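Accompanying notes for the structure given below.
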Amino acid sequence: MAVLEPRELQEMWVRAFNERDLEALVDLYETAAAIVPNTGAEPQWGHAAIRRVLKELIAAEPWAEAQTLKVIRSGEIAQLYARWRLVSGDGVPLVSGTAVSVLRRQPGGNWRYLVNDLFGGESLFERDRPVKDDVERGAGIQLHILAPC
């Protein structure tokens, strides 16, 4: 199925995951894409590494749920923020996070993941109190700056 809008990519990921279709999942990523599977984990690059990460997730047979929070698009590139969780077959939450993903539109018009950081949005969306409170109290706010490749 074609993924003609960035928001649809997250929906396709959840569908393929819940159908346990590993190859369909891997196909949602560019060939040299990166996935960051855990907080603090090193990125894993390429289809072989992405396949290993996703195979491990699927092996536990959880069900995926996700909600797209925001999409920022500039031409052929988009950034997607999504809150997600994996639940057991009987609905017990297993793990959850807020992903930050970079997507790129392919020459045929489909969108694919370029970077999928599964827990990348934790510091952005999973706060106990508003940023305004931190500033008023003089609390330090950490910024994570990545050097260009």
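Any read-out appearing in this document is the output of simple, stated calculations on the displayed coordinates, not a laboratory observation. None of the values given here were measured: they were computed from a predicted structure. Because the Cβ atoms are built from the backbone with ideal geometry, glycine has one as well, and the counts that use them run over all protein chains shown.
Put +1 on the Cβ of every Lys and Arg and -1 on every Asp and Glu Cβ in region 6-124; which of SER96, VAL26, GLN106 then has its Cα farthest towards the positive end of the dipole?
GLN106
Which of the GluC sites (Glu not before Pro) across region 50-123 are loop residues per DSSP, with 16 or fewer other Cβ within 10 Å? List each step's numbers first, then the result.
Values: sites: GLU56, GLU65, GLU76, GLU122; in loops: GLU76.
Qualifying residues, ordered by number: GLU76.
Just to be sure I understand the model, the point goes 7 Å from the Cα along the line to the Cβ. What's the resulting GLU23 to GLU76 distance in nm?
2.8
Between ARG15 and LYS55, what length in nm is gained on full extension when 0.36 nm per residue of separation is reduced by their alpha carbon distance? Kindly include the intermediate steps, with their values, before the conclusion.
Details: separation 40, 0.36 × 40 = 14.40 nm, distance 1.51 nm.
Taking ARG15 through LYS55 to full extension adds about 12.9 nm, to one decimal.
Would you mind ranking VAL100, VAL92 by Cβ crowding within 10 Å, fewest neighbours first? Don't skip to the answer; put the middle values down first.
Values: VAL100 23, VAL92 8.
With the fewest neighbours first, VAL100, VAL92 line up as VAL92, VAL100.
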